1. Collect the residues in the stretch 157-184 that are surrounded by 14 or more Cβ atoms within 10 Å (Cβ to Cβ), farther than 16 Å from E60 by Cα and modelled with pLDDT of 85 or more, keeping them in residue-number order.
2. Taking the stretch 68-117 only, how many residues are touching a helix residue (DSSP H, G or I) at 6+ places or on another chain (Cβ under 9 Å), part of a strand (DSSP E or B) and open to solvent by 40 Å² or more (accessible area, probe 1.4 Å)?
3. Can you tell me which condition D16 does not meet? The list is (1) surrounded by 11 or more Cβ atoms within 10 Å (Cβ to Cβ); (2) farther than 12 Å from R65 by Cα; (3) among the acidic types (D, E), and all the others hold.
4. May I ask you to say which residue of D10, D52 is without any contact (Cβ under 8 Å) to a residue 40 or more places away in the chain, part of a helix (DSSP H, G or I) and open to solvent by 50 Å² or more (accessible area, probe 1.4 Å)?
Amino acid sequence: MLGINIPTTDNIYNADPSKPKFRDFYKVSKETGRYKQCAGKRSVEECGCTEDMKLSSLVEYSDCRERVYRVLYPAYDLNISLWLRSKNEQDQILYSPFFITITELNNRTNWKATSTKKNPSFSKLRNYYKNNLTIYNPDGLFISLFGSELYHFRVTVIPGVSLCDLFTEFQIYVDDPPMAYPLHYLITMVTAITLGAIVMVYFLFQHHHYAFNITPCWKFIKVT
């Protein structure tokens, strides 16, 4: 466990070579992270990012990526729809036997994919598929994200079912996560102590003011 603010991935997103790398405080972070499109460049303008590169989810254009799909925490059971696109043909939804594998390109592990629609061929293939990666049915695919910030997934169709190597990538940014324990309790405690101190200071100030500014309501009478 390295902590949420210690990046260790080689991928840099929305890069700006003219500025220091984001969260580049520790040795392990300084030794990771490499520019691709912006390698050897001094500014964003020199990177030469086109509009297609800025919109691309491919890892090779991560330097140029400016905006990604944003969801609010918690991100549970996000439905992922995959489509097969062929030249001069209408897009078709991806279904069996185009079973898929999913990997997170920044080596994040706090996510889970589930495939709700099962069939006999899918169950049999999972038992005999010689690979360490889990396979999923693209029809009825859901992903849950248990962390925050950027996730970068690559979806690959298993070999043997198509003449082409089919794959795609997509990115999701999880925003507005809860504060880590025990930061929330510390902030609550400090806020309560601060408010109590303010009330106490106000009370003492008012008490001091009245104690030394009392107008006497009697007069001494000189007896002759």
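1. Here is the first cut: in the stretch 157-184, the ones surrounded by 14 or more Cβ atoms within 10 Å (Cβ to Cβ) are 157-158, 166, 168-174, 177.
The next check asks that each one be farther than 16 Å from E60 by Cα; those that pass are 157-158, 166, 172-174, 177.
Across the stretch 157-184, the qualifying residues are V157, I158, L166, I172, Y173, V174.
2. Count: 0.
3. Exception for D16: condition (2).
4. Values: D10 fails: part of a helix (DSSP H, G or I).
Within the list D10, D52, the selection yields D52.
The values are calculated or read from the model by the stated rules, or taken from the named source; none is laboratory data. All values derive from a computational prediction rather than experimental measurement. Positions of Cβ are backbone-derived with ideal geometry, glycine not excepted, and every protein chain shown enters the neighbour counts. To get the accessible areas, we keep the full protein, side chains included, count just its heavy atoms, and leave off ligands, DNA and RNA. Shrake-Rupley method; radii C 1.70, N 1.55, O 1.52, S 1.80 Å.
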